[in-house]
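What follows is a short report on a single structure.
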Amino acid sequence: EKLNNIHFVGAGREKTIIITDYNAFKYSGNPAPCLWSFNECKNISFRDLSFSIFPYFSMRSPKAQEGVFMLSFGANDGVQVINTLFDQGRISICFWGLNKNSRVVDCDVRNTGADAIKFDSCVDTLAAYNYIECANDDGFSGLEMKAGTARNNVFINNTMVYNKGWGRGIAISGK
């Protein structure tokens, strides 16, 4: 919490891979665990990395409350996630309320149990040039939730392929 100017830079998505061993059958995930969670931080970035969860256990059809949130953000200012690959997990990139000035650009998200990229109750966010494949819920979420107003959230030039679940390609509300 309350970190400033922290940057995680890999040597490329093929070379810097963060692997998490998670056994969904032993841990119910209620509440769902977060691999990395950042709250009330400023100027945080992730670039040229890959995140993956092993063993693969078909996160496209999780049980209720099952799965891991890879990156979780709450009340941050200036988060950037660039050229990063996410495979498996519950929600890969999750901005829970009160985030502002955040960017997710040129990322690949595959095989999520729920939303691929979530900007709920956020202000001045951008999701651009991302590729989403096999999200089990919303591919992109920019909803106004209990945490506060959703305003000026932009989703542009993204691609989504094969949304297996019951969610939408893009879910947006707010201003």
Exercise. Just the accessible area per residue of the chain, please: how many Å² with a 1.4 Å probe?
Worked result: 47 Å²
Seminar exercise, completed: With 0.36 nm assigned to each residue of separation and the Cα-Cα distance removed, Ile156 to Leu35 gains 40.8 nm
Exercise. Listed here are the pairs Lys15/Lys42; Lys2/Lys175; Lys100/Lys146; Lys100/Lys175; Lys2/Lys100; which of them are more than 22 Å apart at the Cα?
Worked result: Lys15/Lys42; Lys2/Lys175
Problem set entry | Protein accessible area in the chain, 1.4 Å probe - carbon and sulfur % | 52 percent
Exercise. At what distance in nm do the modelled label points of Lys146 and Asp21 sit from each other, each positioned 7 Å from its Cα along Cα→Cβ?
Worked result: 3.6 nm
Exercise. Using Cα pairs under 8 angstrom and six or more residues apart, how large is the relative contact order of the chain, in percent?
Worked result: 17 percent
Exercise. What is the extension gain from Phe54 to Ile82, computed as 0.36 nm multiplied by their sequence separation minus the C-alpha to C-alpha distance, in nm to one decimal?
Worked result: 7.8 nm
Exercise. Ranked highest first by average number of other Cβ atoms within 10 Å, how do 130-139, 102-111, 85-94 line up?
Worked result: 85-94, 130-139, 102-111
Problem set entry | Using distinct alpha-carbon pairs, which all enter the 1/r mean, Kirkwood radius of the chain in Å | 15.7 Å
For this session: Can you figure out the FRET efficiency of Ile172 with Tyr131, using R₀ = 25 Å and their beta-carbon distance, to the nearest 0.05?
Result: 0.85
Problem set entry | Bridge type composition, region 116-162 - antiparallel percent by DSSP, nearest 5 | 10 percent
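The values are calculated or read from the model by the stated rules, or taken from the named source; none is laboratory data. No experiment lies behind these values; they were computed from the predicted model shown. Every residue, glycine as well, gets a Cβ built from its backbone with ideal geometry; the counts of neighbours run over all protein chains shown. Surface accessibility is based on the protein's heavy atoms, side chains included, excluding ligands, DNA and RNA. Shrake-Rupley method; radii C 1.70, N 1.55, O 1.52, S 1.80 Å.
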